[in-house]
Amino acid sequence: MDNQLHSISVERFEETQQLLEDDFGVQDLAERFKALCDPTRLRIVLALKAQELCVHDLAQLIDTSESNASHQLRLLRNAKIVKYRKKGKRSFYSIDDEHITHIIEDMQSHLNE
């Protein structure tokens, strides 16, 4: 990298550079966005934004197999986007963190502008 800065102060450069370091969760953030970039997973999240659902109902809503819905839910769980609770033999899924809901709503609002 060129050692001379052209339009930013050294202090601002160092502050910005620090924000880009992985200590600030860049990798985790990228993984969360990666999990949301698939249309099937995004449909799942949108459905779960409305209400808690079991795999069967979720698969019906998004027009996919239960196997595919389960696979996508596992990826979303690993990314800490959805969570589940057991009731008997059934698992019910919901959004793990309301911040996810806000991110999606903000992006939808942005797209509608």
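The values are calculated or read from the model by the stated rules, or taken from the named source; none is laboratory data. Being a predicted model, the structure only gives us computed values, none of them experimental. Neighbour counts are summed over all protein chains in view; Cβ atoms, including those assigned to glycine, are modelled from backbone coordinates with ideal geometry.
Listing for the model above:
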| read-out | value |
| --- | --- |
| Meets criteria (under 19 Å from residue 104 (Cα atoms), polar (S, T, N, Q), out of contact with any Lys or Arg (no Cβ under 6 Å at 6 or more places or on another chain) and surrounded by 14 or more Cβ atoms within 10 Å (Cβ to Cβ)) for residue 64 | no |
| Residue within the stretch 35-43 that is loosely packed, with under 11 Cβ neighbours inside 10 Å, of a type outside the set (Phe, Trp, Tyr) and not in a helix (DSSP H, G or I) present | yes |
| Residue match in the stretch 29-36 (condition: touching a residue at least 12 places away in the same chain (Cβ under 8 Å) and either touching a Cys at 6+ places or on another chain (Cβ under 7 Å) or of a type in the set (Val, Ile, Thr) (or both)) | no |
| Residue under evaluation residue 79, criteria (1) small (Gly, Ala, Ser); (2) in contact with a helix residue (DSSP H, G or I) (Cβ under 7 Å, 6 or more places away or on another chain); (3) at pLDDT 95 or above, criterion not met | (3) |
| Residues of the stretch 56-102 classified as within 15 Å of the chain's Cα centre (by Cα), in a loop (DSSP other than H, G, I, E, B) and not small (Gly, Ala, Ser), total | 4 |
| Number of the exception - residue 58 against (1) of a type outside the set (Phe, Trp, Tyr); (2) surrounded by fewer than 16 Cβ atoms within 10 Å (Cβ to Cβ); (3) more than 28 Å from residue 25 (Cα to Cα) | (2) |
| Candidate set: the stretch 79-93, residues that are under 24 Å from residue 27 (Cα atoms) and touching a residue at least 24 places away in the same chain (Cβ under 8 Å); chosen: the one surrounded by the fewest Cβ atoms within 10 Å (Cβ to Cβ) | 80 |
| Residue 66 vs. criteria of a type in the set (D, E, K, R) and modelled with pLDDT of 90 or more | yes |
| Residue 10 of a type in the set (A, V, I, L, M) and either touching a residue at least 24 places away in the same chain (Cβ under 8 Å) or surrounded by 10 or more Cβ atoms within 10 Å (Cβ to Cβ) (or both) | no |
| Matching entry among 60, 51 (being of a type outside the set (Phe, Trp, Tyr) and farther than 18 Å from residue 96 by Cα) | 60 |
